[in-house]
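Structure, as structure tokens:
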């Protein structure tokens, strides 16, 4: 069995689920040949630079431009059509070539840009293998979902309605197995705190901005530090400049830890009471599974703005649109801190659902949902 996975090296939000899913498939089908391709590396350098630069906006005006561009390609019909055509123009030929050259049994996408392209190629009959979109956001799924995609994997059950509205004939399955498997294993908070060198008493607050650490992490840390007895852990991902800035800012404050990229997120969340996060996605899901209260704050533009609306609608997280709103949101989220959510362990694995789809197609029973 040959599996081709399209990801995108934008922080860890797309590469991590691609790696985890690949590991899951290998565990369930040891003979499978799996290749992960950076879809942005296939397009021309100028287009790649445009996508990467637009994802790194940090300035006030940069955020406004990013938010406006997102609105135009998702909410305004003429520019949404133009954006979809531009995506196809830039990506269809190189992505189709990559599929044809590798001749896989199934194609999986963990990045909405490649999901849009693959779905349209599949709809038009230009590729003839099942296409799977692995969706790791809660909402804002216009490009994650496509009518031509055979199978949509969702990580939040609440996403089903939006995906169904976009792709009514597609198969949709809520799964686990797109994030670190350690999140499905119960863990004692006291043990995690000891291993991480954290205080046994008082709330622990994780402040995060994803792999690139975007958003107002400093403001979030300062407000979290005002919680009585709180220890604040700033996770700066691969943003070394921000890590240096925060380390200098809090050098005299022993209750603030500043960390870089880490592969110990299950430990941090097991130890924590509260997450303040700026970019939605899997990090929020991981906190929910671990029993952390969640506040979305610091970068509420574009797709994050749409996810914030969904967090509020479904009661999954507090949302603070401004720093002035943050103290109240922190207090409410901490007071309503949930128990670890063990229901996700009962879901089918993403790997098993993908493998069943391939076997179903190979058995000539059809490959649609």
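One table, with the values for the structure above:
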{"item": "Percent RCO, i.e. relative contact order, over the range 184-342, from Cα pairs under 8 Å lying at least 6 residues apart", "result": "23"}
{"item": "Angle between the chain longest axis and helix 77-102 axis [Cα atoms, degrees, rounded to 10]", "result": "70"}
{"item": "Proxy reagent accessibility, fewest Cβ within 10 Å first, across 201, 38, 23", "result": "201, 23, 38"}
{"item": "Relative contact order (%) - criterion: Cα under 8 Å, at least six apart; region: the range 87-219", "result": "16"}
{"item": "Packing-based order for 141-148, 193-200, using average beta carbon neighbours within 10 Å, highest first", "result": "141-148, 193-200"}
{"item": "Neighbour-count order for 304, 173, fewest beta carbons within 10 angstrom listed first", "result": "173, 304"}
{"item": "Listed peptides 75-84, 149-158, 121-130 by packing density, highest first (mean Cβ within 10 Å)", "result": "149-158, 121-130, 75-84"}
{"item": "Added length on full extension, which subtracts the Cα-Cα distance from 0.36 nm per residue, residue 77 to residue 240", "result": "54.7 nm"}
{"item": "Segment residue 88-residue 309, extension gain: residue separation times 0.36 nm, minus the distance between their alpha carbons", "result": "76.7 nm"}
{"item": "Degrees, to the nearest 10: 303-314 long Cα axis against longest axis of the chain", "result": "70"}
{"item": "Computed E for residue 200/residue 337 - FRET, C-beta separation, R0 22 angstrom, nearest 0.05", "result": "0.85"}
{"item": "Global form of the range 184-342, assessed from the alpha-carbon gyration tensor, a/c cut-off 1.5", "result": "rounded"}
{"item": "Rounded tilt (10° steps) of 350-362 against the dominant C-alpha axis of the chain", "result": "0"}
{"item": "Helix-only [θ]222 nm of the chain, DSSP H runs n ≥ 4, -39500 (n - 2.57) each, per residue, nearest 500", "result": "-14000 deg cm²/dmol"}
{"item": "Residue 253-residue 1 pseudo-label distance in nm [points 7 Å out on the Cα-to-Cβ vector]", "result": "4.9"}
{"item": "For the chain, alpha-carbon Rg and Dmax in angstrom", "result": "20.5, 66"}
{"item": "Relative contact order, percent, the chain [alpha-carbon distance under 8 Å, six or more residues apart]", "result": "17"}
{"item": "Relative exposure of 362, 137, 216, judged by other C-beta atoms within 10 Å (fewest first)", "result": "362, 216, 137"}
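Since every read-out is calculated from the coordinates, none of them should be taken as a lab result. Only a predicted model underlies this, so the values are computations on that prediction, with no experimental measurement involved. So basically every Cβ, Gly included, is an ideal-geometry build from the backbone, and we count neighbours across all protein chains shown.
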